[in-house]
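The values are calculated or read from the model by the stated rules, or taken from the named source; none is laboratory data. For clarity, every value in this text was computed on a predicted model and none was experimentally measured. Ideal geometry is used to build each Cβ from the backbone, glycine not excepted, and the neighbour counts take in all protein chains shown. Note: accessible area is taken over every heavy atom of the protein model, side chains too, but ligands, DNA and RNA are not part of it. Shrake-Rupley method; radii C 1.70, N 1.55, O 1.52, S 1.80 Å.
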Amino acid sequence: MSAIPTDSLNNSPANNEKRRESSFRQAIYQSMWRWHFYAGIIFAPFLIILAFSGGVYLFKPQIEGYLYKDMLTVREVGASALSPSEIIEKTIVAYPGTTISSITLNDSPEATIMMSTTNNGTSTNMYADPYTGNILGIMNSDETFSAFFKKMHSELIVGGTLGNRLVELAACWAIILLITGLFLWWPRNKSSIWGTILPRLSKPGSRMFWRDIHAVPAFWLSLLLVILIATGLPWSGVLGGQIDKLANSTNTNTPPYAYSFGEKPQSVTVAKDIAEDLPWATQNLPVPISASSDYLPLNIDTIVNTAANHNVLLPYTITLPQGETGVFTLSTSHIKPGKDATLHIDQYSGAILTDVRYADYGVMGKAISLGIAFHEGRLFGLVNQLVGLIACIGLILIAISSYIMWKKRKPKGKLGAPSQPRNKKVTVGLIIIMLICGALMPLVGLSIIIVLLLDLLIIRRIKPLRHWFSS
């Protein structure tokens, strides 16, 4: 009996099919790795800034309570507090030329009353002792601790619209990084827990060590990080606007019946243009107008009584009317979203023109409000803050370890990017998938198109660049 040639066995249909399948899987892995690599190299610095600023901002109440203790708390709790109108009147007399736009009342007897004011064109926060009416401190509203870190977190160091768009772009790409990272992490064969769910720490400083420091925490924190990123996107400039439009068009934000006075007002002015301390779901509420009247405007103390009578819980902010047709806005983006309230009140009659509470929100409005509270670390107190801090520290560790991994594998004179897969169908297919993601996240789609154009029109045509980007 003659022997079957080895070549015949190796080239059997079954083996050829296995090789094609293995080659296909390898091409997908290689293509995923390239996208993950480039996105990480570009956006890791931004993510470190976002994680650092977000981690600090989580503890805003504790930090500001320490830094500004003399302004935020009274020296002595008095027997009875002055009315808001008395405090406003006393402030205007003591500080001529001051215009007060809003006043925030707190639920603690030790807390001062904050007034948002303008003096000589400068916006300031003034803090008054509720028992004496004396001003205990004045701060430029743009130079507070929270304002600095909020700006860093929402606009990076660049500031303005460009900074905001970079933040949104980095956040959206972070989601793609986590998804592609999980694909790369996913065990292909039977594997031990080491290197998959527990890091191998036996060889500190080695590529394997830094790979595990990068991949294993990313696996454990992936869901938490996706939730944190997603709950921050409603504040973003482009995608946030689309989320708001979707919620409003489907009546899943604040449905029409939330307006106590009847139909939704057709107003070019929305609540966020005139008021502070607004819940996300009511920031784009159209603002009604006060009916013309020969009567004098109501005293702010009447609005305080309205808040008590309609179960609006402290702390809340009363924004004063602007002009003859302006309204009082009584609002609270409460530490517990279930206690949110936004009321617009006629400045002459005291009639409640708009009364929107958390119970009035639609599905998206409620979900996003809870998500924002979680993102800001106020949904369930200190535990929420600590969970957010762990995620921020983890993200910084993941980003830094990625750069160390890259430096260890980077060849001299080259970028060290993973090689381009030879399977064109896989490359094109993944680009299509990425563009679909870009359709959901417009800035991602725009950035992908820009990268593809740079590759086709510049990188491939300039030899030194082509050499540097090659593997």
Answer yes or no as to whether Lys407 is over 22 Å from the mean Cα position of the chain (by Cα) and open to solvent by 60 Å² or more (accessible area, probe 1.4 Å). yes
Keeping to region 179-197, report how many residues are surrounded by fewer than 20 Cβ atoms within 10 Å (Cβ to Cβ) and within 22 Å of the chain's Cα centre (by Cα). 1
Picked from region 254-282 (must be in a loop (DSSP other than H, G, I, E, B) and modelled with pLDDT of 90 or more), the residue surrounded by the fewest Cβ atoms within 10 Å (Cβ to Cβ) is Leu278
From the list Thr124, Thr118, Thr91, pick out the single residue that is more than 20 Å from Ile229 (Cα to Cα), outside any loop (DSSP other than H, G, I, E, B), open to solvent by less than 50 Å² (accessible area, probe 1.4 Å) and in contact with a strand residue (DSSP E or B) (Cβ under 6 Å, 6 or more places away or on another chain). Thr124
In region 415-443, how many residues are open to solvent by 50 Å² or more (accessible area, probe 1.4 Å) and either over 18 Å from Arg20 (Cβ atoms) or free of Cβ contacts under 8 Å to residues at least 60 places away in the same chain (or both)? 10
Among the residues of region 137-178, which ones are open to solvent by less than 40 Å² (accessible area, probe 1.4 Å) and part of a strand (DSSP E or B)? Gly137, Met139
In region 95-109, which residue that is touching a helix residue (DSSP H, G or I) at 6+ places or on another chain (Cβ under 9 Å) and without any contact (Cβ under 8 Å) to a residue 40 or more places away in the chain is least open to solvent (accessible area, probe 1.4 Å)? Thr98
Does region 283-319 hold any residues that are out of contact with any Asp or Glu (no Cβ under 9 Å at 6 or more places or on another chain), under 29 Å from Gly362 (Cα atoms) and open to solvent by 40 Å² or more (accessible area, probe 1.4 Å), and which are they? Asn305, Ala308, Asn309, Asn311
Here are some residues: Leu343, Leu379, Leu395, Leu330. Which one is crowded, with 17+ Cβ neighbours inside 10 Å, part of a loop (DSSP other than H, G, I, E, B), touching a helix residue (DSSP H, G or I) at 6+ places or on another chain (Cβ under 8 Å) and not polar (S, T, N, Q)? Leu379
